[in-house]
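Working notes, structure below.
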Amino acid sequence: MHNSTRARSEQNLATLLTGGHAQEILRVAYAGRAQVRSWALHAVHHRPGAGVTAGYSVIFDADPADGRGSDRYVLVSSAKLNEQRLVADGGVSLQWDTHRIHVWEHPYDPELPALRLGCDPNALSQKLAEHVEIELLAYRPTRRAVLRIDRGDTTQYVKIVRPRAYRELLDRFTMLERSPVPTPRLVHSDPAGLLVISGLNGTPLNRIYAALKTTPERSARPILDQLAQTLDGLPLVALGLKPRPAWVDRCEHYGDAAAVALPDQRARIDRLVSGIRELLAKADLGPIVPTHGDFYEANILIDPDTLEVSGLLDVDSLGPGYRVHDWACLLGHLSVLPGLSPKSYSHVPAILQDWRLRVVRWVDPVALGASAAGVTLSLVSGARKSSKPNWQVEAESRLRVAEEWLKFGRESI
């Protein structure tokens, strides 16, 4: 399917799954099994070229046996998956207009067989030979999930991945155990796609940003130096891993996703994508080095007393790449924070300006502008959350930031 045709199809499906047709889809999926009383959209996940998934909180009519209704979390998705495995575990597949869609209930996931184990405190307690309490922190349907578990006085985390991604992630944890970089340690693993890892002390970098009220740019400079040392400490053996595309490498896909979220901005988004490609053609990306691959504030823990890096999280993308992409990921995410909370991050532009001036001493500013534009473009569709009625404002703010990065890159030529 051509990119533009696929983008239109995904846009139509996103409209279908977030509008009134969702109730009709749910009722057809549960025909003969349960009666849908009410539903509420919880989340929309769009992976350009790989489908759209919507999550719903659904209340079903009372069961005649006990007179009580049931509240379930239901996923409806167009992602490609194993339909036989889906049906075997109680899911259904439907042909809806031109879309092949699949319906299942959390904590079952047809591509994450370990999710049910990870979400079942009794089963996981038996697996780990110790009582645990569980909290689901993140769930990307068919892709991965993260849970926090409390084992007495110890907090650990469970990562759920596809079975075919298990070995690669296991290798990454093994590599990092031998490096000076402070990363979680592997505690337990299961080839079905479950890894239990240690917790780390520290404060997420975004909270540190918010706390630097006095001379923020000066206070933040030691942190940038620490971040540079952390990246330099990534193990050289990671160069032997399979390379993964950076965010900017998939700018066309993220442009399509952004256009699904903001269809009236399609022409503007297309110009941005073309500009990113033109800028990349003129950029010096530098040498291939070990990279983190998702280097931004949510994955970086800081000791609030020393401002040293105390933890580097989410190492799934560790591998060979260009250092400029890690810096672009960090600065791109930093640049959208004021749009999330203007009051909390009112001083972030000063930090961003100072860090950008320092980072361009290490990497090509043209490459930084192009890559950061790609990163922020990838964040546009993520603003689409049902819990925020004005999410379009945030999405357009991120689009403007992406354009500003493109402008920075062009002015650096």
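The values are calculated or read from the model by the stated rules, or taken from the named source; none is laboratory data. This one's a predicted model, so the numbers in the text were calculated from it and none came from an experiment. FYI the Cβ positions are ideal-geometry reconstructions off the backbone, even for glycines, and counts take in every protein chain you see. Surface areas here come from the heavy atoms of the whole protein model, side chains and all, with no ligands, DNA or RNA. Shrake-Rupley method; radii C 1.70, N 1.55, O 1.52, S 1.80 Å.
With the requirement that a residue be at pLDDT below 90, out of contact with any Pro (no Cβ under 9 Å at 6 or more places or on another chain) and acidic (D, E), what does segment 69-98 give you?
Within segment 69-98, D97 is the sole residue that qualifies.
Quick one: in segment 31-53, of everything that is within 21 Å of V87 (Cα to Cα) and free of Cβ contacts under 8 Å to residues at least 40 places away in the same chain, which residue is surrounded by the fewest Cβ atoms within 10 Å (Cβ to Cβ)?
Going through the qualifying residues, I end up with G32.
Name the residues in segment 91-124 that are within 24 Å of the chain's Cα centre (by Cα), open to solvent by less than 10 Å² (accessible area, probe 1.4 Å) and farther than 21 Å from V58 by Cα, would you?
Across segment 91-124, the qualifying residues are L112, A114, G118.
Residues that are touching a Leu at 6+ places or on another chain (Cβ under 8 Å) and in contact (Cβ under 8 Å) with a residue 12 or more places away in the chain: list the strands (runs of 3 or more DSSP E) wholly contained in segment 64-179 that include at least 3 such residues.
So the answer is 99-105, 133-140, 144-151, 154-161.
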